[in-house]
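Participant: Please find one structure pasted underneath; my questions will follow.
Bear in mind these aren't lab numbers, they're just calculated from the coordinates by the rules spelled out. Every value quoted in this text rests on a predicted model; they were computed, and no experiment measured them. As a convention, Cβ positions derive from the backbone with ideal geometry for all residues, glycine included, and neighbour counts pool all protein chains shown.
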Amino acid sequence: MIKIKKNLLIIMVIMLASIVNATTIIDDTDSNWNSGTQRGFQVLGIGGAANLSSTNTSGHFASQIFDSVNTNANWTNITLTTEVPYQTDLEDLKNENLTLLMHFDNSTSENDTYFADFSQYNNFGSCSGTGCPLINKTTYKFGKAALWFDGTNDWVNLSDVDVQNSGAGYSVEVWAKHTATSFRFLVGKRDSGTSNGEWSFSINNAGNDLAFNTWVSGGTNDNLQSPSVGINDNNWHYLVATFSVSDGVKKIYVDGVQVATSTTTSGTPAGTSASLMIGQVQQYYGSVDYWYNNVLDEVAIWNMTLENTTIREHALRGTYKLNLSVRSCDDALCSGETYTSILTNASNNKTFMNLAKNRYFQYNITYSNESSYGVRLNVNNVSISYFNVVVDTTKPIINGTLNKPTSNIVQNDIINASFNVTDEIGLNFGQIVINDTGVKKFFNFTLSGTADEFNQIFTINCGIGCVVNLTGIARDTSNNLQQNTTIFTVASSCV
């Protein structure tokens, strides 16, 4: 069953229609989802716990066609709710455990040689001269820019950033897009001129696998290497390395999926005063072979070991592009109406729909995913709001009175013409028209509410036998007009 929530409203509309109620329809059950048309989607769960889940790298879902049972329904808002906000960076997840967060968006606090850290620790990065990566405003994962590294001498230096200050472990995240076929550093802390260091995260060997190196005190190195994961395909990939101090467990993830794990050599994790670098490490600063080549975005380091579910959710934020389009229709099959795109590469937003007023409505969800790994997009629910619009054709009721009987009105009498008006929706204008000499006189009044009155005092200027036409006119907020007319002849004397 479709869930419907109703809120009765009393709203005055200064147009040709009045809104009498608001309705919200919610798609969130297996029955709802199965009433639509799916490609690249499947329904997981039953009842209100059901989700619409992706099964491929692209797909679409066309909803059932909703019927408002009103030919003038105004479809106003739609909200698409997913487990995470897609195409959204980590800004809303910041806390004290986030040691470093670099968006590379070329924001107002950044320039070509200075890169801001948006964590609370202000671990800004810098570069100089030809060693600076370029700001890329056309190829990026989040925001409005990323950094492009030339593979020769580009790097970002962040000085001595302590990622192990909690003593519990750490996690490194980066979005990378590359075609390298050899070893390249992503980010790390390793001493200059020695094999000792804290850690490094790199693209390994033929460019299709990853390496996560860690050290314990004394210089012993443990290298976790992933299998070939096909990441040098020039698509964006979410790459993560985690290290847990308590049990020595290391893990590597690609696009939210764990691809490698090991337990390190026992011992206290090594520390070093080497600079944290992005695109290279201090140890190999003079080596052309290991410089990163291509684009990096959204580098984040946590002083904690991120859980599998958290990494999956972070991956989903950037892996999927989600689009939403809508249409209102005048027939039950929506024949001939085209969709209007209202939400691009995003979700979890209440979106206003500027559609023609029609009885029927349908939405369409499309998605795409550059990754071949198994993280799935899940749509939890879609809610649609509309107003039933009723055309107001009822005219106001207007009644008029004079301060004298019409049979006793004579020349030079002072007349007070009063009009009382009511309307079920609302009033906005009144007018009195007097014609006693062949020339019309107009008197205008502003009305309000559902009941009002207006009057005009005037003198009878014409003589015996003159015909006077007195008309009161009222208009409501829906532009409906009504008038009340009195015609009388000026008498020779009072009766």
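Participant: Got the relative contact order for segment 397-489 handy, in percent, Cα pairs under 8 Å and 6 or more residues apart?
Facilitator: It comes to 34 percent, rounded to a whole number.
Participant: Averaging the inverse of every distinct alpha carbon separation and then flipping it gives the Kirkwood radius. What is it for segment 375-495, in angstrom units? Mind showing how you got there, number by number?
Facilitator: Values: mean 1/r = 0.0594 Å⁻¹.
Its Kirkwood hydrodynamic radius stands at 16.8 Å.
Participant: Any idea what diffusion coefficient segment 332-432 gets from Stokes-Einstein, in µm²/s, Kirkwood Rh on alpha carbon pairs, 4 °C, 1.567 mPa s?
Facilitator: For the chosen part, D equals 62 µm²/s.
Participant: When only C-alpha pairs under 8 Å and at least 6 residues apart count, what is the relative contact order of segment 98-303, in percent?
Facilitator: It rounds to 30 percent for segment 98-303.
Participant: Neighbour counts of other C-beta atoms within 10 Å: give me Thr422, Thr319, Thr179, Thr272 arranged from fewest to most.
Facilitator: Thr179, Thr422, Thr272, Thr319
Participant: OK, next. Could you pull out every one of the aspartates and glutamates with an alpha carbon less than 17 Å from that of Lys357, ignoring same-chain neighbours closer than 8 positions?
Facilitator: Asp67, Asp330, Asp331, Glu337, Asp392
Participant: While we're on this one: Just want to confirm a number: the relative contact order over the chain, from Cα pairs under 8 angstrom separated by 6+ residues, in percent. Please list the in-between numbers first.
Facilitator: Details: 1385 pairs, mean separation 98.0, N = 495.
For the chain, the relative contact order is 20 percent.
Participant: Which entries in the list Lys177/Lys350; Lys144/Lys250; Lys189/Lys250; Lys189/Lys321; Lys141/Lys189 go over 27 Å, if you measure between the two C-alpha atoms of each?
Facilitator: Going by Cα-Cα distance, Lys177/Lys350; Lys144/Lys250; Lys189/Lys321 fall outside the 27 Å limit.
Participant: To continue, here is another question. How fast does the chain diffuse by Stokes-Einstein, in µm²/s, taking the Kirkwood radius from C-alpha pairs at 37 °C and 0.692 mPa s?
Facilitator: Taking Rh from Cα pairs, D becomes 117 µm²/s.
Participant: Taking other Cβ within 10 Å of each residue's Cβ, how do Cys132, Cys334 sort, fewest first?
Facilitator: Neighbour counts put them in this order, fewest first: Cys334, Cys132.
Participant: Under a point-charge model restricted to the Cβ atoms of Lys and Arg (+1) and Asp and Glu (-1), what is the dipole moment magnitude of segment 98-303 relative to its Cα centre, in debye to the nearest 20?
Facilitator: For this selection, approximately 180 debye.
Participant: Sticking with this structure for a sec: As a footprinting exposure proxy, order Thr485, Thr138 by other Cβ within 10 Å, with the fewest listed first. It would help to have the intermediate numbers written out before the result.
Facilitator: Numbers: Thr485 11, Thr138 8.
Fewest-to-most Cβ neighbours within 10 Å comes out as Thr138, Thr485.
Participant: Over the alpha-carbon set of segment 203-302, divide Rg by the Kirkwood Rh and report the Rg/Rh ratio to two decimals.
Facilitator: 0.95
Participant: Using a basic spin-label model with each label point 7 Å from the Cα along Cα→Cβ, how many nm lie between Thr340 and Thr138?
Facilitator: Rounded to a tenth, the inter-label distance reads 3.3 nm.
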